[in-house]
Amino acid sequence: MCRCRGLEGIDLALCLAPPPGEYEVDLKVGRDKSIIVNSEGVYLRQLVTDETLPFINTLQRPLPPRRAMELAGLTLENLYCIVVRQLKAASQAGSITARRKLGECLDVIKKIEEKCTD
C-alpha cells in the first residue's frame, strides 16, 4: 500500500522523493548553492570555501518548500516530475528504499508521469 496515496501538494512531492544521498533531487540555484529535496525534507545546501583546512565546507539548512520552488523557478507539477525521475534513478542504482517506494506507489507515479512533458 502506498503511503503517499491521498497526499497533495508539497506533501506528495516529499513522500515520493528519493532517500537522502547520491540520488536526491539537486537543483542548482547559484554557483555554490543548491536546493536539495529528499524524503526527509527540503534544504538549501551551500559550499563555502575558506583559506584554512578543510578548505571547503558544506552548509545545509532547512528551507520552506514554497521558497525553494520560487528560487528554483518550479511549479508543483515540475517538482513532481523531477522527484519521480530521481526516485527511479535511485531505484535503478540499487536503493532498496527507493525500489520499495517505487513498487508500492506505481499507480500514483504513473499518474504523475502522464502529465510530465519530458
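Using the alpha carbon gyration tensor of the stretch 65-118, what are the three equivalent-ellipsoid semi-axes (square root of 5 times each eigenvalue), largest first, in whole Å?
Equivalent-ellipsoid dimensions as semi-axes: 22, 13, 9 Å.
Determine ³J(HN,Hα), in whole Hz, for all residues of the stretch 25-33 in sequence, where each value follows from phi through the Karplus function 6.51 cos²θ - 1.76 cosθ + 1.60 and θ = phi - 60°; x replaces Gly and Pro.
With the stated coefficients, the stretch 25-33 comes to 6, 10, 10, 5, 10, x, 4, 10, 10 Hz.
With point charges of +1 on the Cβ of Lys and Arg and -1 on the Cβ of Asp and Glu, referenced to the Cα centre of the chain, which listed residue (F55, I109, V83) lies farthest in the positive direction of the dipole?
In the chain, that residue is I109.
The stretch 16-55: which GluC sites (Glu not before Pro) are DSSP loop and have at most 15 other beta-carbon atoms within 10 angstrom?
For GluC sites (Glu not before Pro) across the stretch 16-55 that sit outside H, G, I, E and B with at most 15 neighbouring Cβ atoms in 10 Å, the list reads E22, E40, E51.
Rounded to whole Hz and in sequence order, give me ³J(HN,Hα) for the stretch 15-22 from the Karplus expression 6.51 cos²θ - 1.76 cosθ + 1.60, θ = phi - 60°, writing x for Gly and Pro.
Rounded to whole hertz, the list is 5, 8, 5, x, x, x, x, 4.
Using the C-alpha atoms of the chain, what convex hull volume per residue, in cubic angstrom, is computed?
110 Å³
Stretch E70-D107 to full length: gain in nm at 0.36 nm per residue minus the Cα-Cα span?
10.5 nm
At 1.4 Å probe size, put R3, R31, R61 in order of accessible surface, largest to smallest.
Ranked list, largest accessible area first: R31, R3, R61.
Report the residue, chosen from L59, L27, L12, that carries the largest GNM mean-square fluctuation when the chain is represented by alpha-carbon nodes joined by springs under 10 Å.
L59
Treating the beta-carbon of each Lys and Arg as +1 and of each Asp and Glu as -1, no other charges, what is the dipole magnitude of the chain about its Cα centre, to the nearest 20 debye?
In total the dipole reaches around 240 debye.
Less than 27 Å apart at the alpha-carbon level, and either on another chain or at least 8 residues along: which lysines does that give for K101?
Hits, sequence-local ones excluded: K28, K88, K110, K111, K115.
The values are calculated or read from the model by the stated rules, or taken from the named source; none is laboratory data. Just so it is clear, the structure is predicted and the values come from calculations on it, not from any experiment. Quick reminder, even Gly has a Cβ in these numbers, built from the backbone with ideal geometry, and neighbours come from all protein chains shown. Only protein heavy atoms, including side chains, enter the accessible area calculation; ligands, DNA and RNA are left aside. Shrake-Rupley method; radii C 1.70, N 1.55, O 1.52, S 1.80 Å.
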